[in-house]
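Read through the structure below, which is laid out as structure tokens, and then see the notes.
Nothing in this text is a laboratory measurement; each read-out follows from the coordinates by a stated rule. As the structure is a prediction and not an experimental result, all values here were calculated from the model. Here Cβ is always computed from backbone atoms with ideal geometry, including for glycine, and neighbour counts include all displayed protein chains.
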């Protein structure tokens with residue numbers, strides 16, 4: 001987008017003025033519309049960045065815009081105001097990366113071990129699958145269903161919610177209580 005006065009820049013300025021007047025949907029539209037512009041801007045300044053790093057900077061820019069939105073002067077062009085903020089956040093991120101790179105040493109991650117041998121077990125397996133199956137059978141129906149879907153079938157909370165008709169919050173509570181009951185039934189602490 002040309003930082004000067006274009007039709008797009010004028011539209012974004014109108015959205016910002018409306019947002020400053022308390023129009024929530026206009027503010028949402030503004031942030032939605034400037035996000036791809038900001039991604040391109042950051043990519044143009046730092047083409048070597050990974051998409052996740054670009055997204056992090058864009059989010060920082062949006063947070064900054066939110067924090068200083070009252071400082072926008074509606075009589076002035078919107079794009080230069082926005083891209084000045086964006087440029088400053090890119091510079092801040094570059095400084096931060098340089099500081100980290102100057103002080104960080106990369107190495108292979110070390111395995112985690114504990115002094116007691118009972119804690120040094122593979123976390124993906126349980127010693128007695130039959131005892132676990134039996135303990136799951138004795139859970140209340142809601143907890144059993146939540147544990148089966150979320151822990152055994154590894155469905156997402158959204159998928160499990162759709163399958164059961166339970167809310168995400170109710171599923172979280174049920175699986176927490178179910179796992180706690182299983183630990184107690186199987187003699188584990190926690």
Worksheet item: Helix 7-20 versus the longest principal axis of the chain: what angle, 0 to 90°, nearest 10, using Cα atoms?
Response: 60 degrees
Discussion item. Report the Cα centroid-to-centroid distance between region 75-98 and region 1-70 in angstrom, as an integer.
Written reply: 11 Å
Worksheet item: At what distance in nm do the modelled label points of residue 87 and residue 64 sit from each other, each positioned 7 Å from its Cα along Cα→Cβ?
Response: 1.1 nm
Response to the item:
Relative to the chain, whose Cα atoms define the longest principal axis, helix 168-185 and its Cα axis are tilted in degrees, nearest 10, by 30 degrees
Worksheet item: Between residue 152 and residue 56, what length comes free when the chain is fully extended (0.36 nm per residue of separation minus the Cα-Cα distance, one decimal in nm)?
Response: 31.2 nm
Worksheet item: Peptides 79-86, 50-57: what's the order by average Cβ count within 10 Å, highest mean first?
Response: 79-86, 50-57
Item to complete: Beyond 28 Å, what share of the Cα-Cα pairs of the chain is found? Please give it as a whole percent.
Response: 58 percent
Worksheet entry | C-alpha long axis of helix 24-45 to longest principal axis of the chain, angle in ° | 80 degrees
Discussion item. Under 10 Å, Cα contacts only: if you run a Gaussian network model on the chain, which one of 20, 59, 143 comes out with the highest mean-square fluctuation?
Written reply: 143
Worksheet item: Length gain on complete extension for the stretch residue 159 to residue 71, per 0.36 nm per residue less the alpha carbon to alpha carbon distance?
Response: 27.4 nm
